[in-house]
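Shown next, in C-alpha cells, is the structure this report addresses.
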Amino acid sequence: MIGLIGNIFTATGRTLAVLGEGLTSLLWLIGKGAAIILAGGDRKAALLAFAQKVPTQRRVFSVLRAFKPNLAVNRVVMKAYDNTGTAVVTRREDCLDLLHRDADFEVVYGTRMRKLTEGENFFLGMQPGWDYTRDTSAMHLAARTTDVAEIVLPRAAALAQEIVAASGGKIDIVPSLTLEVPWDMTDRYFGVGGTRETMQDWTTILFWYLFEDLPADPDLDAKAMSYAAALRGYLDSAIAERKGAPTGAPDLLNRCLALQSADTPGMSDLGIRNNLLGLLIGAIPTISKASCLALDELLNRPDMLRSAHRAAVEGDDEKFANHIWEALRFNPHNPVIYRRAARDAVIAPSTLRELRVKKGQIVFAATLSAMFDRHEIEAPDQFRINRRWEDYIIWGTGMHTCFGAQINRAVIPAILKPLIAQKNLRRAVGPAGQIDSGGTPHPQHFHLEFDT
C-alpha cells in the first residue's frame, strides 16, 4: 500500500514537471518569436532559421509532450515521398513502438533508392521479406563483427592522431579530419574509396537527397541523378577491375567477390554494386556530421569539454565516448526518423494520448524528443556521462537500425579523441569558429585552434 501511494506521488510529480516544462517552453517560444517579428527585416527567413535550431526544436517537443504528445494533421510536410498527411510522435515509449512495428509503419526510401541504383532497392529501403534477409545476411558475412576492433578502429585512431599532430594548432576539421577519416575507411576497408573529394561530394549530396530533402528540391534531384550515375559507373568499374586483378586485402569488395564465387544469394555484380553504393552513402556524411555536432555541443559546455579532455588524456576511452553520446543527445544529427503508415494504425492505444493514423500518412518519430522524455529519462535536461547506452536513439532502432552503427560507435570517438586531448581547444575567432554548412544540411567547414 505504501509502495502504491509512493508510485502515485512519483507519477503525479513527474506529470506536473512535464506540464511545467511545457508551459515554460511555450512562453519561451512566444517571447523569442515575438522578438524576431518586432526586430523587422526578413522575418520569414529569421523565423525559419530560429525553427531549425536544435534548442528551439527541443522546446517545441517539450510543449508537445506536455499538451499533445501525438499529433496528426492533413498537411503534407514530407514532399519527397508519396503520403497523405503528417503525424508527429514525441513520447519515448511511442517512438520506440512505432519504429518496431514494421508491418504498420514502412520505410519509404525505396522509390528514391531505385532511382539511385537505376532499378534495384537497397536494404535500407526494404520491408521485411526475402530480399531484405538475403541482402543483409550477405553483407553481414562480408562485414564481420570483429572487423571494427581489428581493422577499422586502429586505422581510424592512428589517422586522426596523425592529422591532428600535423595541423600545427589550427585545423578546419571537416575537410581535414571528420570527412577524411571515414573516406579513408571506405578506401581501405570498403575497398571502393575512389577519389577522396569526389566521393565525399557524391555521398553527401546523395545522403541529403535520400533522407533530408523534405521539399523535394528539383535542383537537388537533378544533381543527385548526375552523381548517382557517376557513382554507379565508378563502382561497376571497380568491381570489374578487382575481378580482373584480385588482391589479398581484407576489404568488403574482396569478401563480396569471394561470396559471389561461392554462389551466395545477393552477391551478383549488380547486388554488390548496389549494397556498396548504399553503404558509401550512409558512412561518410553520417560520421562527419555527428562528429562535428558532438564537438560543437562540447565547445558550448566548457566544463564538459574539460571533463572530456581529462578522459582523453588519461586514456579512459569509455568515459570519453560517454561525453560524445551525451553531446549527441543534446545535438543529434537526425532529430526525427520518419515512416509511412502502411495501413490504418493506432499509436498509444487505450491511453489519453491515443492517436489514429491513416494509411499513407508520414509519421515522424521525434527521437530528439524521446531522448528528453522525463517519463523515462532521468533528469533529461542535465548533461550526464553515466547514462545507459539504451537511453540513446542515435542510430535508430529495430529492423532498420543503421547498418554501420557499430562502426560509428567506434570511429566517432576515435576521430575526436586526439583533438579534444589538445591543450586549450577552442573555436577560431569569428564566424570561422562556427559550423558552416554552406547551404546544405551537412558541415562543410569548422575551424578550431589549440595550443601546441
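Since every read-out is calculated from the coordinates, none of them should be taken as a lab result. It should be emphasised that the depicted structure is a prediction, and the values quoted were computed from it without experimental measurement. Counting neighbours? That spans all protein chains shown, and the Cβs are built from the backbone with ideal geometry, glycine included.
K289: which lysines have alpha carbons under 27 Å from its alpha carbon, excluding same-chain residues fewer than 8 sequence positions away? Once the sequence-local lysines are set aside, what remains near K289 is K44, K53, K79, K115, K170, K223, K319, K417, K423. Quotient of the Cα radius of gyration of the range 328-369 and 2.2 N^0.38 Å, N being its number of residues: 1.37.
Here the translational diffusion coefficient of the range 174-324 follows from Stokes-Einstein with Rh set to the Kirkwood radius across Cα pairs; for 20 °C and 1.002 mPa s it amounts to 123 µm²/s.
Counting neighbouring Cβ atoms within 10 Å and putting the fewest first, the residues H445, H375 line up as H375, H445. Contact order, relative form, for the range 40-156: 12 percent (alpha carbon pairs under 8 Å, 6 or more residues apart, mean separation divided by residue count). With both residues required to sit in the chain, DSSP beta bridges show an antiparallel share near 80%. Sort out for me the Cα centre separation of the range 145-213 from the range 375-402, rounded to whole Å. That distance is 25 Å. Restriction of the GluC sites (Glu not before Pro) in the range 363-438 to DSSP coil positions whose beta-carbon has at most 16 other beta-carbons within 10 angstrom yields E376, E378.
Annotation: peptides 111-117, 326-332, 343-349, 312-318, ranked by per-residue average of other Cβ atoms within 10 Å with the highest first, follow the order 326-332, 111-117, 343-349, 312-318.
Contact order for the chain, expressed relative to its length and based on alpha carbon pairs under 8 Å spaced 6+ residues apart, stands at 23 percent. Centroid-to-centroid, using Cα positions, the range 281-319 and the range 33-104 are 27 Å apart.
Screening the chain for whole DSSP H helices with an alpha carbon extent of at least 27 angstrom along the helix axis and a mean Kyte-Doolittle hydropathy of at least 0.5 yields 2-39, 269-299. The spread of Cα positions in the chain, taken along each principal axis and listed from longest to shortest, comes to 70, 58, 57 Å.
Sorted on the mean count of surrounding Cβ atoms within 10 Å across their residues, most packed first, peptides 360-372, 429-441 read 360-372, 429-441. Its Cα gyration tensor gives the range 101-146 an equivalent ellipsoid; the semi-axes, largest first and in whole Å, are 20, 15, 8.
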